[in-house]
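Working notes, beginning with the structure itself.
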Amino acid sequence: MFKSLAAKSRIVELPRTLSITHSTSPHHHLHHHHHRFTTLTSSTLTFTLITPRHTFHNHTIIRSLNTTTTTKMPFETKSTIRSFGGKLFKLSHDSSTTTTPMAVNLYLPPAALNTSSPSKVPLLIYLSGLTCTPENCSEKGFFQHRASQLGLAILYPDTSPRGLSLPGETESWDFGAGAGFYVNAAREPWSSGYKMEEYVTSELPSLLLSDPEYAKYIDGSKISITGHSMGGHGALTLYLKNKGKYRSVSAFAPICNPSNCPWGEKAFKGYLGDDRKEWAKNDATELIKTDAWKGEQDAKILVDVGTGDNFYKQGQLLPENFEKAVEEAGVKGVKVRYQEGYDHSYYFMASFADEHVDFAAKHLGLL
Ligand SMILES: N[C@@H](CCC(=O)N[C@@H](CS)C(=O)NCC(=O)O)C(=O)O
């Protein structure tokens, strides 16, 4: 009962049959085996429940209930760095989705900061590629340049949980740590914390938009999303899976059809299992063909790919498959551009960062 409650709801009502105790000692329990701990995060309290596992004389035995009456932890600010007239905040917070501490960078433009009463600005979420942390793009993607001028905040999440110590987690650069692929893993052991889709679409924005320090700067009704490579796949799929949640999407060298490229096949097999129908639900080229998007006349999608990109040449990105699917589905408002001679690096991204920020800004009402 509580397990499904935990899975479906963040607002937890304590059943009347439960008594609350601050004891965390298991020693007064009648039985110690088969305990199942479920951590639920409400807007103000974190409860640790032990769910009933046995019935005795037709009565459910509820062995104990422990509560930790911690209020929801706000972001911890690790450092503050001036950038293009605004500030980049390196933040850390505990995530109940990944079950780990998570690092995230937030850029606030002067429009948010430089007034006596802070004004709320729209937000662009940037999803990074394989091997990346929040640092790579905030240091050398140059998104802050145009975001500063237009008054746009940028959120740079990490690419996976860190420190779960799962077997093989840090063995390869294209799977596990640094390579969460923005899906909710369904396969053990990854399903324990590799829930980057839920983290990025739900937990992280909801924490930010209720944070005592940072919520006052962000207009949570105006969010767009962008990303690079694996993060381009993340941006496209999260946009397509959540129609209306983001105002627009753009991507640099995105993995457009992960079900048919080596990176995607490895990741989807590992995180999702062998059922290709599950893969399709996380594949931009498949999602654009679904009923939600078929015939859409104003999709608000911009993609840039460099023709000198080795991963493009090796068939990891497959933008042509995405273009073909867009065409077949009769979707309008998708622009895929091939940038002559550009590679996969930040020289490419920095060259077009202004244009991608402009694209988002236009759909966020800033231009
Ligand atoms: N480590 C990989 C390359 C992975 C890679 O290019 N990652 C991109 C994202 S897909 C990146 O941003 N790397 C970090 C950086 O360049 O700062 C290799 O050796 O081929």
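The values are calculated or read from the model by the stated rules, or taken from the named source; none is laboratory data. This one's a predicted model, so the numbers in the text were calculated from it and none came from an experiment. Virtual Cβ from ideal backbone geometry, glycine too; neighbours counted across all protein chains shown.
Please determine, by comparing only the residues of the range 292-316 that are in a loop (DSSP other than H, G, I, E, B) and touching a helix residue (DSSP H, G or I) at 6+ places or on another chain (Cβ under 6 Å), which one is farthest from the ligand (Cβ to nearest atom). Talk me through it step by step, then tell me what you get.
Here is the first cut: in the range 292-316, the residues in a loop (DSSP other than H, G, I, E, B) are 292-300, 307-309, 314-316.
Adding the requirement that they be touching a helix residue (DSSP H, G or I) at 6+ places or on another chain (Cβ under 6 Å) leaves 300, 316.
Numbers: 300: 24, 316: 9 Å.
By that ranking, first place goes to 300.
Inspect the range 344-357 for any residue being within 16 Å of the ligand (Cβ to nearest atom), in the same structural domain as residue 152 (by TED's automatic domain parsing) and outside any helix (DSSP H, G or I) and give the result as yes or no. Give the steps one after another, and end with the answer.
Of the residues in the range 344-357, the ones within 16 Å of the ligand (Cβ to nearest atom) are 344-353, 356.
After this cut, where a residue has to be in the same structural domain as residue 152 (by TED's automatic domain parsing) as well, the list is 344-353, 356.
Next, only the ones that are outside any helix (DSSP H, G or I) stay: 344-345.
Yes, because at least one residue in the range 344-357 is within 16 Å of the ligand (Cβ to nearest atom), in the same structural domain as residue 152 (by TED's automatic domain parsing) and outside any helix (DSSP H, G or I).
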**Complete:** For the range 110-144 the number of residues that are away from the ligand (no atom under 16 Å from the Cβ) and either part of a loop (DSSP other than H, G, I, E, B) or aromatic (Phe, Trp, Tyr) (or both) is 7
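Could you list all residues from the range 317-343 that are within 15 Å of the ligand (Cβ to nearest atom) and surrounded by 21 or more Cβ atoms within 10 Å (Cβ to Cβ)? I'd like the intermediate steps shown before the answer.
Initial filter on the range 317-343 (within 15 Å of the ligand (Cβ to nearest atom)): 317-319, 342-343.
Within the range 317-343, 317, 318, 319, 342 qualify.
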